[in-house]
Amino acid sequence: MDYQQKLEQLLEATVKENASDLHISAGRPPTLRIDGRLVPLLKYGVLSAEDSQGLSLSLLLEEQKKFLLSQKEIDLSYTYRDKARFRINVYFQSGAFAAALRVIPAKIRTIEELGLPPILHRFTTPAQGFFIAVGPSGHGKSTTLAAFIDEINHTRAEHIITIEDPIEYVFTQDRCIIDQREVGRDTKSFPNALRAVFREDPDVIMVGEMRDAETIATAITAAETGHLVYATLHTNNAAQTIDRIIDSFPPEQQHQVRSQLALTLLGVVSKRLIPRIDGGIVPACEVMIANSAVRNLIREQKVHELGLVIETSAEQGMISLNRSLAGLVKQGEISLETAEMYSLDANEVRVLAKR
């Protein structure tokens, strides 16, 4: 079988169906994720272990194949003609090859085009500070930060350095110099790249993912020393994000990290992509702005009270996730049942939606 040709057919179907993801796994047909739901491509039949291996290896260069076989998984980006880019993870499951391909849109959308709260524009204007985009995998953290970077690109003359694994959105330089560094190709690791970034004269730094304490510590230091730093983290809300960052460090360092974070943090956005009643997806967001009350709670180890500050600071632009979900229910965008499914407090979102 010509696996390269079959792969291109699957990529073509992914683009045509406006899917967000393509999954290749033995024992199942190739499967798309469309508007958050898995849709098997039945006409291609069930993939055998040989099929999944052939399709997966068609994505890789020889050097990448060697890396995969030694490490058992690999992240990479892949461009399909001029039609789409994909962020890919090839891995093994039950001894067979498998791959997850995430579509990266060619066009970098603005905050408005993404349907995000306008208050997020304020996080593109500071000269320094630390901003974190959080949420589950696949809910648009990288897309949100790409909108921020591109807004700066068109409005300010800055040197922007991104550190990614792999590079996702490719920026067209406008007023800014934008250097995009890919882990594995342009640098050995996130910590290495962040240590080096201080000698590269950046104004803005984007860290694709904070995976360890060293990366987090260096990112906070960069914000503390006059840089605007954007980063992502796999957490569910602002309070959990602060706890996760602080708990990444040994007890003897936590007081210092807490103080640094209280000083440098600009805000946290937590984003969910929710299936619409009429098809498609719509974002729901929690937005925390680091005002004096937030900074004091971080310093005083009262992070559990951040939710109350967010809930009572709407006039400052803060948004709780439940209010965002309830608003979408009232607008007829999503069902109450869907809102409850994505909420961390289903009872509260039910009350808010009925007010």
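Counting neighbouring Cβ atoms within 10 Å and putting the fewest first, the residues 42, 352, 22, 325 line up as 42, 352, 22, 325.
Scan region 86-139 for trypsin sites (Lys or Arg not before Pro) in coil per DSSP, keeping those whose Cβ has at most 12 other Cβ atoms within 10 Å, and list them by number.
On the way: sites: 87, 102, 107, 109, 122; in loops: 107, 109.
Here the trypsin sites (Lys or Arg not before Pro) that fit, given the DSSP loop and packing criteria, are 107.
Listed by Cβ neighbour count within 10 Å, with the fewest neighbours leading, 160, 108 appear as 108, 160.
Out of every Cα-Cα pair in region 226-286, what percent are more than 15 Å apart?
61 percent
Directionally averaged projected area (region 118-319, Cα convex hull): 11.7 nm². Angle of helix 3-16 to the longest C-alpha principal axis of the chain, folded into 0 to 90 degrees and rounded to 10: 50°. Compared with the direct C-alpha span, the chain from residue 50 to residue 170 gains 39.9 nm at full extension, assuming 0.36 nm per residue.
With a 10 Å Cβ neighbour count serving as the proxy for reagent exposure, in which order, fewest first, do 48, 335 appear?
Exposure proxy ranking, most exposed first: 48, 335.
How would you classify region 3-104 from its alpha-carbon gyration tensor, with a ≥ b ≥ c the square roots of the eigenvalues: rounded for a/c under 1.5, else prolate if a/b is greater than b/c, otherwise oblate? Note, shape of region 3-104 comes out oblate. When the chain is treated as a GNM with alpha-carbon contacts under 10 Å, the residue of 209, 63, 300 showing the greatest mean-square fluctuation is 63. Taking Cα atoms only, the orientation of helix 321-330 departs from the longest principal axis of the chain by about 70 degrees. Between 0 and 90 degrees, the angle of helix 141-155 with respect to the longest Cα principal axis of the chain falls at about 70 degrees.
Which log10 I(q)/I(0) values does region 121-190 give at q = 0.12, 0.22, 0.24 Å⁻¹ under the Debye formula, counting every alpha carbon as one identical point scatterer? Results for region 121-190 at q = 0.12, 0.22, 0.24 Å⁻¹ read -0.34, -1.10, -1.24. Rounded to the nearest 500, the 222 nm mean residue ellipticity of the chain from helices alone is -11000 deg cm²/dmol, with -39,500 (n - 2.57) taken per DSSP H run of at least 4 residues.
Quick note: the coordinates plus some simple rules give every number you see, no bench work behind them. In this text, all values refer to a predicted model and were calculated from it rather than measured experimentally. Methodologically, a virtual Cβ is constructed for each residue, glycine included, from the backbone with ideal geometry; neighbour enumeration extends over all protein chains shown.
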